[in-house]
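Trainee: Structure in C-alpha cells, see below.
The values are calculated or read from the model by the stated rules, or taken from the named source; none is laboratory data. The shown structure was predicted, so the numbers you read here are calculated from the model rather than taken from an experiment. Here the Cβ is made from the backbone with ideal geometry for all residues, glycine too, and neighbour counts use every protein chain on show. The accessibility values were calculated without ligands, DNA or RNA, using every heavy atom of the protein model including side chains. Shrake-Rupley method; radii C 1.70, N 1.55, O 1.52, S 1.80 Å.
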Amino acid sequence: MYLFRDLLPVVVASLLLMAAVPGGAFGNPQATERAKKFIAGHETRVRPLDVAVGLAWWSANISGEDSDFKRKEEAQNRLDAALSDKEQFAELKAIKQLKDKGEIEDKIVAREIDVLYLMYLEKQVDPALLKKISAKANAVEQKFNVFRAKVDGKELTDSEVRDVLKKSGDSARRQAVWEASKVVGAEVEKELKELVGLRNEMAKQLGFKNFHTLMLFLNEQDGEELIKLFDELDNLTRDPFLKAKAEIDERLAKNVGKNVADLMPWDYHDPFFQESPAVFDANLDEPFAKADILQLCRNFYKGIGLPIDDVIARSDLYEKKGKSPHAFCTDIDRDGDVRVLGNIVPNEYWMGTMLHELGHSVYSSKNIPKSLPYVVRLESHILTTEGVAMQFERFSKSRPWLEKMGVKVPDPEKFDAAAEKVRKNQLLIFSRWCQVMLRFEKSMYETPDQDLNKLWWDLVEKYQGLKRPAGRSAPDYGSKIHICSAPVYYHNYMMGQLFASQVHATIAKQVFAGADTTKVVYVGEPKVGEFMKKKVFEPGRTLDWRGLTKFATGRDLSPKDFAADFGGK
Ligand SMILES: [Zn+2]
C-alpha cells in the first residue's frame, strides 16, 4: 500500500524516523534520475493533451456549438485516460515512495513528483464506479436544469424567483415562491444521497475515510486545519456580521411590514442569504455608464507594471450569439498564451469582473518564469489565484481608485457610503454562508446517514442567523446545486478572500510604508507589480499554498486582515 494521511500510521512513523536519521543523507542520484525521466515522459505525453483541452474548452465556450462541446469532451477524455494509466501510476507511486524517504534531494524535482502524484491519484478510480458517479451527477444536474418553481400552477424561471425575492413586499407571496424554489431539493434528494454514497466509495477505494477527506488531500488541505481556520473566522466576523444584519433586517422588515423578530428566510433577497440584500440606496453603476472598462483595465495593469495588452489581443470580451454569458481566464499552454472570455457591459459588475479575470491573467505563465519546469509553472493553488483576482476586483467599489483612474464619481459622498456598505456586507454575508457550506459538506460525507435536514438548518441558524421555519423538514440543502456539481470547493473562495486581504495588508505595510489599507489603490505604482511578481507569482507551484502565503506575507494564512477590513479586529 502507498502512503496516505489517514492510513497506515505505522508506515508514516517509520518514514519519519528514517528522515530523522542524523545527517539525513538519503540523497540517491538514481532516484533523482528516475524522477526526472518520469517528469520528462509526462511532459511529452500529457502537455499536448492539456493544450488541446484548453483550446477545445475555449472554442466551445465561444461558439456554443454542439460539435465544439463534443470535441471538448473528447479532448478531456484523452487527457483523463493518460492520467489514469495504471503502469504510469505504478512507476510514479514507486518514485513518490523514494521521495518520501528523502532520496530525492533536488527540492524542485521532489515537488514536481508530489504535484504529479496528486494529479494522477485523482484519476485512479475504478472506471465502472467513475461512470456511475458521472451518470448520477448528470441526472441530478439535468433535474436542476429542467426544474421550475411552481406557484399556483404557474411555472417561474430562476430569474423570476430572484425577482420576487428582490422586489416583492408581500411576505406570503415571498414564502410561496421561496418554498416552491426549494422543491428541487426534494426532487434530487434520493439521487444526491446515492451520489454521496458513491463518492464515499470512490474515496475508500483510494484509501481515504470519505470523499471530503479525499478532496482535501488532493488539494493539499486538511479538514481539522480548515475547521480551526473557519472557527477563527467565525469568531472574528460574528459581531460585525450581526451588526450589519441588524441594519439590513430593519430595512427588510419595513419592506414586508413585519417586526424584525418575525423575519423569515424568504424575506431575504436570494434563496440562501448568500448575497447582500439590495436595501441601500446604492447606484454603483453610475460612474461606469460612460467608462471604457477595457481601457481602464489596460491602463491600470500597465501602471502597476503588469501590462496585459497581449492577453486582451487574444481575448473574446463582448457578447455574441451562442457564447457563454460568464467570464473566465485560461492559460492555454503555460507558455504565455493566456486569454480571457468576458461579456463586458459598462457597469460596476463588469468592471469588477474584468479586474478579476485579468488578475488571474497576470498570475499565469505570463509572469511565472519560463525557467520553472512545466509541471510547477502555474499558480500555487486555486485559492491563491482566486485571492489575487479578488485582490484586484475589490477596486471597482473604491472611490480613491476610480478617481485616480480618472473616472468621475458624480456624488462622491453617496457613492462612498453605499460602496463601503455593499463591499463590507457582501464579504461578511458571504463568509457566514461559506461557514454553512464547509461544515455541512464535511459532516455530510463523514456521517451520511444522519438527519441532513436538521444538520442544514442547525448550521443556517448558527452561522447565518436565520430562523428555521417552524415544523419544516425538507432537504433544503439539496436545492444548492454546488453540493451536487462542485463538491468540496466552496471553502477555497473564502480562503481566497483571506489571502487577498493578507497580501493587500502586506503591500500596504511593506510597499507603502504602513499606509491605511483603504487608501492603498496601486494606481500608477510599478512597485506593486514588482512585489506581486517577486513574492506571489515567481514561485509558481514550487510552493504549496501554505508555503506561498508565508513567503509572500511572512505569516500563515489567517482571517485577521480580512476581519480588520470590517473593524472586526
Ligand atoms: Zn476567479
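Trainee: Just how many % of Cα pairs in the chain lie over 34 Å apart, if you round to the nearest whole percent?
Mentor: Of all Cα-Cα pairs in the chain, 45 percent lie more than 34 Å apart.
Trainee: Where nothing but the Cβ of Lys and Arg (+1) and of Asp and Glu (-1) is charged, how large is the charge dipole of the stretch 388-519 around its Cα centre, in debye to the nearest 20?
Mentor: 340 debye
Trainee: Quick one: with all protein chains in place, what share of the accessible area of the chain is carbon or sulfur, to the nearest percent (1.4 Å probe)?
Mentor: 52 percent
Trainee: How high is the FRET efficiency from Glu220 to Glu73, r the C-beta distance, R0 30 Å, rounded to 0.05?
Mentor: Given R0 = 30 Å and the Cβ-Cβ separation, E is 0.60.
Trainee: Viscosity 1.002 mPa s, temperature 20 °C: give me the Stokes-Einstein translational D for the stretch 122-177 in µm²/s, with Rh taken as the Kirkwood radius over C-alpha pairs.
Mentor: So the translational diffusion coefficient is about 153 µm²/s.
Trainee: Then there's this: Pick out the long, greasy-scoring helices in the chain: whole DSSP H runs spanning 20 Å or more along their own axis by Cα, mean Kyte-Doolittle at least 0.0.
Mentor: Within the chain the helices that satisfy the rule are 107-121.
Trainee: OK, next. How much of the DSSP beta bridge set in the chain is antiparallel, as a percent to the nearest 5?
Mentor: Roughly 90 percent of the DSSP beta bridges within the chain come out antiparallel.
Trainee: Between the stretch 499-545 and the stretch 76-116, what is the C-alpha centre distance in whole Å?
Mentor: 33 Å
Trainee: Please report how far the C-alpha centroid of the stretch 445-463 lies from that of the stretch 329-380, rounded to the nearest whole angstrom.
Mentor: Taking the Cα centre of each part, the stretch 445-463 and the stretch 329-380 sit 37 Å apart.
Trainee: Using all C-alpha to C-alpha distances in the stretch 53-132, build P(r) with 5 Å bins and read off the rounded percent in each one.
Mentor: Calculated over all Cα pairs of the stretch 53-132, the distribution is 3, 14, 18, 15, 15, 13, 10, 7, 4, 1, 0 percent.
Trainee: Next question, about the same structure. What does the charge count around Val340 come to, taking other residues whose C-beta lies under 11 Å from its C-beta (Lys +1, Arg +1, Asp -1, Glu -1)?
Mentor: In short, -1.
Trainee: Counting only other residues whose beta carbon sits under 11 Å from that of Phe147, what net charge do I get with K and R as +1, D and E as -1?
Mentor: My count for the surroundings of Phe147 gives 0.
Trainee: Further, regarding this structure: Please pull out the direction-averaged projected area of the stretch 106-213, using the convex hull of its alpha-carbon atoms, in nm² to one decimal place. The partial results should precede the final answer.
Mentor: Numbers: hull surface 42.3 nm².
One quarter of the hull surface, i.e. the mean projection, equals 10.6 nm².
Trainee: Which order do Ser371, Ser361, Ser276 take when ranked by solvent-accessible area (1.4 Å probe, heavy atoms of all protein chains), largest first?
Mentor: Final ranking, largest accessible area leading: Ser371, Ser276, Ser361.
Trainee: Follow-up question, since we're still on this one. Could you tell me what fraction of 2.2 N^0.38 Å the Cα radius of gyration of the stretch 353-413 comes to, as a two-decimal ratio?
Mentor: Against the empirical 2.2 N^0.38 Å value, I get 1.47 for the stretch 353-413.
Trainee: Here is a follow-up. Over the chain, with the other protein chains present, what is the accessible area per residue in square angstrom, probe 1.4 angstrom?
Mentor: On the way: 25400 Å² over 569 residues.
Roughly 45 Å² per residue, with all protein chains present.
Trainee: So what's the Cα pair-distance distribution over the stretch 36-89, bin width 5 Å, in %?
Mentor: That works out to 4, 22, 24, 19, 13, 10, 6, 3, 0, in percent per bin.
Trainee: Now for a different question. Of Met354, Leu118, Pro240, which is farthest along the charge dipole of the chain in the positive direction, counting Lys and Arg as +1 and Asp and Glu as -1 at C-beta?
Mentor: It is Pro240.
Trainee: Given +1 on the Cβ of Lys and Arg, -1 on the Cβ of Asp and Glu, and no further charges, what dipole in debye does the chain carry about its Cα centre, rounded to the nearest 20?
Mentor: 360 debye
Trainee: Of Met495, Gln30, Leu296, which is farthest on the positive side of the dipole of the chain, counting Cα position, with +1 on Lys and Arg Cβ, -1 on Asp and Glu Cβ, and the Cα centre as origin?
Mentor: The listed residue farthest towards the positive side: Gln30.
Trainee: Would you work out which of Ile382, Thr447, Val409 lies farthest towards the positive end of the dipole of the stretch 361-449? Charges go on Cβ: Lys and Arg +1, Asp and Glu -1.
Mentor: Val409
Trainee: While we're on this one: Evaluate the distance, in nm, between pseudo-label points positioned 7 Å from the Cα of Glu105 and of Lys150 along their respective Cα→Cβ axes.
Mentor: Distance between label points: 7.2 nm.
Trainee: Could you calculate the FRET efficiency of Thr447 with Glu319 from 1/(1 + (r/R0)^6), where r is the beta carbon distance between them and R0 is 51 Å, rounded to 0.05?
Mentor: FRET efficiency, Thr447 to Glu319: 0.65.
Trainee: Here's something else I'd like to know. What translational diffusion coefficient, to the nearest whole µm²/s, does the stretch 326-456 have by Stokes-Einstein, given a Kirkwood radius computed over alpha-carbon pairs, a temperature of 10 °C and 1.306 mPa s viscosity?
Mentor: D, rounded to a whole number, is 90 µm²/s.
Trainee: In addition: What does the charge add up to near Ser315, with Lys and Arg as +1, Asp and Glu as -1, over the other residues with Cβ less than 10 Å from its Cβ?
Mentor: -1
Trainee: Related question: Under unit Cβ charges (Lys, Arg +1; Asp, Glu -1), what dipole magnitude, rounded to 20 debye, does the stretch 74-211 have relative to its Cα centre?
Mentor: 500 debye
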